[in-house]
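In what follows, a single structure is set out as C-alpha cells and then discussed.
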Amino acid sequence: MLTTILHSSEDQLKNAQAKITYLGEQHKPIATVMFVAQGYAPSLKRFIEFQRNTHEAYPNDELPYTKKFDVSPQEFRRILSAIEPIVAKEDGSKSPDFLSFCVVRRINGGYDGREFFIKRTFGEQFYKKLIDALDRENEAGRTILNKQFKNLFP
C-alpha cells in the first residue's frame, strides 16, 4: 500500500525524518525544511532514493541554508495523521507540482520512504494542518514552518 508510511507507529517514527521542498518557480531561494525525530541524525541524501521523479537532490535541497527542527515521535505521528488527507489525494489537475513532501524511516537495517506531491491548491491547507499538529512548545518548528509558508503565500 502506497500510504503505509503515513500509518507508521510512534515506535517506527523514532528513526524517521521528513522534508518539504518547494518545486515551483522562484525569484529568491526558498529553503528546504526538514524535521527529524528527536535524537535521530538527519541526512538529506537519504531522501534521494525515494524521490519519484528524480534520483538526484532537488536544487533547493542543495542550498546551504536548509532549515531543520526536531519533533517527538508523538508529534511526528500527529503530523502524518493530520496531513494524510491532503498528501494522499490526487487533485487531477494538470498544474505542476508545488511541493515535495518526503518521509523516510529506518527499518530492519534498511530504509522505507515515500514522496508525495502537493499542488498549489492544497498548499495552504497542508501548512496549516502541519503547524497545528506540532506541540505548542515546539517554537523552532512553528517558526521555521511559518517562514516557509509566508515565503510561498505572502
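The values are calculated or read from the model by the stated rules, or taken from the named source; none is laboratory data. As the structure is a prediction and not an experimental result, all values here were calculated from the model. Cβ placement follows ideal geometry from the backbone for every residue including glycine, while neighbour counts extend to all protein chains displayed.
Do you know which of the residues in segment 119-154 that are without any contact (Cβ under 8 Å) to a residue 40 or more places away in the chain and touching a Ser or Thr at 6+ places or on another chain (Cβ under 8 Å) is surrounded by the most Cβ atoms within 10 Å (Cβ to Cβ)?
LYS119
With ILE144, ILE131 as the choices, which residue is closer than 20 Å to ALA57 by Cβ and either among the hydrophobic types (A, V, I, L, M, F, W, C) or not in a helix (DSSP H, G or I) (or both)?
Criteria check complete, one pass: ILE144.
Scan segment 135-154 for residues that are more than 14 Å from MET34 (Cβ to Cβ) and either modelled with pLDDT under 95 or more than 13 Å from the chain's Cα centre (by Cα) (or both) and report the count. Please lay out each step first, then the result.
Narrowing segment 135-154 to residues more than 14 Å from MET34 (Cβ to Cβ): 135-139, 142-143, 146, 149-154.
Now drop any that are not either modelled with pLDDT under 95 or more than 13 Å from the chain's Cα centre (by Cα) (or both), which leaves 135-139, 142-143, 146, 150-154.
The total comes to 13.
Scan segment 112-128 for residues that are modelled with pLDDT under 95 and part of a helix (DSSP H, G or I) and jot them down.
Passing the criteria: ARG120, THR121, PHE122, GLY123.
Filter segment 31-67 for residues that are touching an Asp or Glu at 6+ places or on another chain (Cβ under 9 Å) and among the basic types (Lys, Arg) and give the result.
ARG52
For segment 67-107, what are the residues that are within 13 Å of the chain's Cα centre (by Cα) and at pLDDT below 90?
Residue satisfying the conditions is VAL87 alone.
Taking the options LYS14, LYS28, LYS19, name whichever one is charged (D, E, K, R) and farther than 22 Å from GLU75 by Cβ.
LYS28
Here are LEU80, LEU63, LEU23: which of them is of a type in the set (A, V, I, L, M, F, W, C) and within 15 Å of ARG114 (Cα to Cα)?
On the way: LEU63 fails: within 15 Å of ARG114 (Cα to Cα); LEU23 fails: within 15 Å of ARG114 (Cα to Cα).
Exactly one residue qualifies, and that residue is LEU80.
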